[in-house]
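Below you'll find the structure, written out as structure tokens, and then a few comments.
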């Protein structure tokens, strides 16, 4: 019951109480609404001393936040003052003050009572009441006020300054954040070496928490928990690389309880015990090939020390029992992981038989029933090979949450079968923004594409996956934007349709940097995600080739972007440089208080990625030019090394030049020298570069080359589209075909010196309508000449015109093939063939023809070079070939005969219950050809194979069909839906001139409509 002081104060409250119902729009104008701070005085924050610990604690955070914004600190009390404005913070059923208002009929809580994590704010009798259905409901409501007054959830983790104000007035209307869509929402701090594992011990270790020097102690996790709750997360898997949450600091679980955070453990750590706890105290026995112990082992439970349920089951069950007893003893809220994987997050050493896994889960359930209760939330995560158990029919008890996963690269592997009754325990999702494993680690900077994340989360939600979502965020810092998006979507998917993605980006920018620069910053972040999604930066020195026989070839000393095909590497590098220039202009305009946060959230990742592309362009151009003997190769070696120095300088600024050195040691993740087998051993192609298990500064791999040039001048000639050089290469060089319908109208001829003595060159064309600029000049290292066609004078038909280059006593004749077709007016529709291909972004269809309620829908930026098109609704039933909705692409072809249609699709897994994901394609009225994209590439395999490595590394699933074009003229290419969940990015029709490239050729020209 409330004290007599409380009663007297609330007689005043009740006399003046009222009710309203409206959304909270933000801050009210000065002098209106509820005065949180007015004329230098702050409202008193009142919270009952008997309320839940997380609520009592967050009241102090609200006082801190008000002081951060205004410089005025509110008093925090458990007694309502006799006068002055009051913010009443309390939980239904735990706050005598709030409950008194409810009983008196002045606060209507019918919309929140009994719900999960549901908040309510309302001015009642001049007092601002912040309450909730439970502890976290109140906490989220309080932190919502903090956000409204100008305190970002990232104020500490990204040094975002508060928006300063002297007066704070809040609207008094009734407001609730609603009930979250996903019950348990959170993240996994993982793969934390070297960055977080270097920084945390230095920042939170010796001198901060004596006796717990590894830094992953209650002080560290307090900052994590606070940020989680400010983002409306409630669930955490703590760091595991050499860390043990319960042992690293005995206060860790108590701190989670104090904050009101739900603890869990990862998919490899059953029964509330991290695998490091076992590794610290167990020495595994060594067995020979026959299974006989050759070297004894031991563990604290009298076993052999082996992480094997078959060979050491009793000890492991005792170990798990201790974990559940600790949970019961310490009384923290948690979700218990069931199942088992091998030590080191690998498959079980005992095999993958269903009976074994059934026995493991039964043993775990027995322990729970005996030591705690089977009513505690439990989860079984179908990660990697564990999905096989599900595919083979193994089901956990009805109350267990079944968590499906992505493939570690943002592509969900399986959805619930909607034809079956719902699983009572519900379904969850484990998703990745960071990964260690094949085809290569990606840990350095944020590489998530929000459009891709949205599309996958939308699918999960549509298929009824809403019980538990967790994202692997690596070090947490560096993945702020995708993590916040993930949690916002988990809270309320209906508030984030695809059409609002750009709005969400602007809101993210405005919350952290203010309204004025928000649009410009959001545009930079948007384009950053779009460019980064093409390929992880760690993979910029790996080319993966699909051979005609279906095998996969890897080259870790080659760029995936073509140096010569469509000038691809130059084009993408220029895009990055332009983006970095935009970011730099914004940084220069920002007030100084925001510059640290801007560097952490925007500038570093943009500038460092742009610099890495510049490094790779210089490096791989150096290697090509060195092979050609170009004198300019040596200068490119120096440019490469200069960009490497810039990379180190950018990291050094992050470590010591911002936030007063707060993030010392954080920017230490290697990202340049992946693949160096000679230096790092057989794991080098995918594992982060390390030597003797100590992360080293990046080195440039592959190494650049320097030439010892002869004194005498020597002519060399290279042409657009070829890596060869003349006169060394056989035959005559041929420029890519010219067409008046090319998107890039010019080609180039490079005249270069293979010696140290400059020479003069001249160029002559065999026809006056072939224009070469410049026509010659002095060649010290190289001279690029542009070749264009004067189409007003060029003859119709196909011509071959020689362009002769002379210099240093040699001549090379280059052939320019010019195709200037006659085009009847009736042909002029759609895309136009040029250069031996037609390239079309999927979104630029001529017609989008639905089939009943199902149609293709555009998802902005989902493709590597444009939007993606995918069937909606995502739960639509599969259709027979030729019966589903279709996309039509009109085009003019000048080539008849066999053609190949290449479909660029997102690398989705077989999420459905059939034998794969399928689409169909046809020309004109021909029967559609059905392609099973997951069968064709092995993406429906339960293992992560080399085909999967190719599609995920390239972020595209490239498939092809062969068609016969009867005659030149207008044609229609049709892409048909067969299964949902297929995402079409791009279509390319190869009529015989397609050149190798990573992104495919630039989009073809279209006739004006």
> Within the stretch 600-609, which residues are without any contact (Cβ under 8 Å) to a residue 60 or more places away in the chain and surrounded by fewer than 24 Cβ atoms within 10 Å (Cβ to Cβ)?
Replying inline: 607
> Counting only residues that are surrounded by fewer than 19 Cβ atoms within 10 Å (Cβ to Cβ) and in a loop (DSSP other than H, G, I, E, B), how many does the stretch 309-332 have?
Replying inline: 1
> Restricting attention to the stretch 703-745, and to residues there that are closer than 30 Å to residue 822 by Cβ and in contact with a helix residue (DSSP H, G or I) (Cβ under 8 Å, 6 or more places away or on another chain), which single residue is surrounded by the fewest Cβ atoms within 10 Å (Cβ to Cβ)?
Replying inline: 744
>> Being modelled with pLDDT of 95 or more, crowded, with 20+ Cβ neighbours inside 10 Å and out of contact with any strand residue (DSSP E or B) (no Cβ under 7 Å at 6 or more places or on another chain) narrows it down to one residue among 481, 487, 468; which is it?
In response: 481
> For residue 428, all conditions in the list (1) within 18 Å of residue 532 (Cα to Cα); (2) crowded, with 22+ Cβ neighbours inside 10 Å hold save one; what is the number of the exception?
Replying inline: (1)
> Is the stretch 897-920 home to any residue that is in contact with a helix residue (DSSP H, G or I) (Cβ under 9 Å, 6 or more places away or on another chain), farther than 27 Å from residue 850 by Cβ and not in a loop (DSSP other than H, G, I, E, B)?
Replying inline: no
>> Please go through the stretch 242-258 and give me each residue that is more than 19 Å from residue 202 (Cα to Cα), touching a residue at least 24 places away in the same chain (Cβ under 8 Å) and in a loop (DSSP other than H, G, I, E, B), ordered by number.
In response: none
> Only one of 239, 222 is assigned by TED's automatic domain parsing to the domain that holds residue 484, more than 14 Å from residue 61 (Cβ to Cβ) and in contact (Cβ under 8 Å) with a residue 12 or more places away in the chain; which?
Replying inline: 239
> Within the stretch 500-507, is there a residue that is buried (at least 21 other Cβ atoms within 10 Å of the Cβ) and either more than 15 Å from the chain's Cα centre (by Cα) or at pLDDT 95 or above (or both)?
Replying inline: yes
>> Between 538, 575, which is in a helix (DSSP H, G or I) and in contact with a strand residue (DSSP E or B) (Cβ under 6 Å, 6 or more places away or on another chain)?
In response: 538
> Has the stretch 542-549 got at least one residue that is at pLDDT 95 or above and farther than 23 Å from residue 144 by Cα?
Replying inline: yes
>> With the requirement that a residue be surrounded by fewer than 16 Cβ atoms within 10 Å (Cβ to Cβ) and closer than 18 Å to residue 629 by Cβ, what does the stretch 761-810 give you?
In response: 780, 784, 809
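The values are calculated or read from the model by the stated rules, or taken from the named source; none is laboratory data. These numbers come from a predicted model, not from an experiment. Note: ideal-geometry Cβ built from the backbone for every residue, glycine included; neighbour counts use all protein chains shown.
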